[in-house]
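Colleague: Have a look at this one before I ask anything.
Just so it is clear, none of the values below were taken in a lab; they were calculated from the coordinates. Predicted, not measured: the structure shown is a model, and the values here were computed from it. Here Cβ is always computed from backbone atoms with ideal geometry, including for glycine, and neighbour counts include all displayed protein chains.
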Amino acid sequence: MDGREYYFLSSEDFRRMIEQEKLLEWQEVYPGSYYGTQVSEVERISSNGQFPVFDVDVVGGLNIKKMFGEKALAIFIRPPSYEILESRLRSRATDSEESLQKRLNKVKWELTFEKDFDCVIINDKLENALQEAELLVKDFLEITL
């Protein structure tokens, strides 16, 4: 929902935010499709004594890690295999074949960054992956605080 989980901006407004350095990280994930994190949102969350959690692409994740160093935990979520991911995406039947191929090609590229993250979680079963992520974050926060 716009204004709750995300802010949907025109490409022009997004590029303006880039120029004004109002984004912590950003990427043009697909041609004309920008994704990023507003600095103001991170500041808002942090000012409330909370810790922001990001769900970003690999480049965004590594940029955040680079900015915050040991104050950030970078977790790479990977599928059990490329074939299983392809099967999951096809079973959703939400993408055209062209769109699906773009996503799958991007996944191949993204998987090459796994080694650059602090931890890797294999998303074989969602419940297990969530539990593992929660434990990693709790342990990280206990050490960091």
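Colleague: May I ask you to verify whether Ser40 is surrounded by fewer than 17 Cβ atoms within 10 Å (Cβ to Cβ) and more than 25 Å from Glu12 (Cβ to Cβ)? I'd like the intermediate steps shown before the answer.
Modeller: Values: surrounded by fewer than 17 Cβ atoms within 10 Å (Cβ to Cβ): yes; more than 25 Å from Glu12 (Cβ to Cβ): no.
In short, no.
Colleague: Another question, if that's okay. Condition first: outside any strand (DSSP E or B), within 24 Å of Thr112 (Cβ to Cβ) and among the small types (Gly, Ala, Ser). Now tell me which residues in segment 33-71 satisfy that.
Modeller: Hits for segment 33-71 are Gly60, Gly61, Gly69.
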